[in-house]
Amino acid sequence: MNKNLVIIFVVAFLSFIIGMTWKAPYQFLVQNFYQSKYEDYVYKCDNSMREHLVAKSKALKKPSQETILSLQATEISLYDCHEYDKFRKFLITLGLEENNLAYMALKAIEKNDFEISKIVNPHEINF
């Protein structure tokens, strides 16, 4: 067998292997690099949504000038969720997928010692 043919085969084979496996290490690096920043966005958006839900409930139960002003104030804080969403889309453009982002969010929840009720409530079906 020709030596050049063997070299071409080895290079092609190694290129194929690298091409098939580069994504996992790359995603791991991106996840770890942006984990802390993502945690901040998750925490801020979660708090904003919770505060908005509470204020909206109060405004619906007892409409008053005070509860309406409180609701409007929390609507402004929902800008945190807009920033969170923009950052998620940025991470997607870097090659992360939904599972990567879900894992990062779970790590954020664990790091911030969220109570179990804070994990359950958003996923709970209310009648």
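Please treat every number below as a calculation from the coordinates, not as lab data. From a predicted model like this one, the values you see are computed outputs, not experimental measurements. Counting neighbours? That spans all protein chains shown, and the Cβs are built from the backbone with ideal geometry, glycine included.
General observations
- Qualifying chymotrypsin sites (Phe, Trp or Tyr not before Pro) in the stretch 11-107, DSSP loop, other Cβ atoms within 10 Å at most 15: W22
- Mean projected area (nm²) of the alpha-carbon convex hull when the stretch 26-123 is viewed from all directions: 6.7
- Neighbourhood charge, 13 Å Cβ-Cβ cut-off, centred on S77 and excluding it, Lys, Arg +1 and Asp, Glu -1: -2
- Potential extension, E75-F13 segment - 0.36 nm per residue separation minus Cα distance: 16.8 nm
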